[in-house]
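The values are calculated or read from the model by the stated rules, or taken from the named source; none is laboratory data. Everything quoted here is computed from the prediction, not taken from an experiment. Cβ placement follows ideal geometry from the backbone for every residue including glycine, while neighbour counts extend to all protein chains displayed.
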Amino acid sequence: MNYLTKTLPMLVAVAVLLVSAGQATAANKNLEPSCCAPEPPTPCCYDPCFHYKTHKLFVKKACPCDCCPPVEAVLQVVDPRCNCFVDVPICLPSCCTDLPTIDSRCGLFHRGIVEYEWCCGFKVKMVFRPGGHVDVHYYGL
């Protein structure tokens, strides 16, 4: 048998696979923006009312030295119930300079819970309640 007759069926099969793969990726490109892309958060349509609470009992202090005053910051927190964000003003200890870890979940009674925790031990927990109320809990001050 000739070399060409041996490899020709294999070349045809590879060409068919490449053409069908190209059509599949073109179909995936058409589907991706509409069905698979996550929706970016938008500003919330409600005006939040903030309640602040500092928990000091049985909590290790995040920053042992009190030489620097706390830093005021605004966190843009995504409400996990409706994928919209709220600007939450908070006070951070001056020693919390790293990026926090973020945990977001839906809780009981239609509440959204978002927790920010820094490596220094400071933690801020925001509870989004029905009616536009946001409870901000400080741990480690």
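Below, the figures for the structure above:
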{"quantity": "Residue in the stretch 25-35 that is hydrophobic (A, V, I, L, M, F, W, C), at pLDDT 90 or above and either in a strand (DSSP E or B) or not assigned by TED's automatic domain parsing to the domain that holds residue 134 (or both) present", "calculated": "no"}
{"quantity": "Condition met for residue 87 (more than 19 Å from residue 139 (Cβ to Cβ), in a strand (DSSP E or B) and assigned by TED's automatic domain parsing to the domain that holds residue 48)", "calculated": "yes"}
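Listed here are the residues, each with its yes/no results for (1) free of Cβ contacts under 8 Å to residues at least 12 places away in the same chain; (2) closer than 19 Å to residue 73 by Cβ; (3) crowded, with 19+ Cβ neighbours inside 10 Å; (4) among the polar types (S, T, N, Q).
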residue	(1), (2), (3), (4)
90	no, yes, no, no
96	no, yes, yes, no
100	no, yes, no, no
111	no, no, no, no
121	no, yes, no, no
124	no, yes, yes, no
129	no, no, no, no
140	no, yes, yes, no
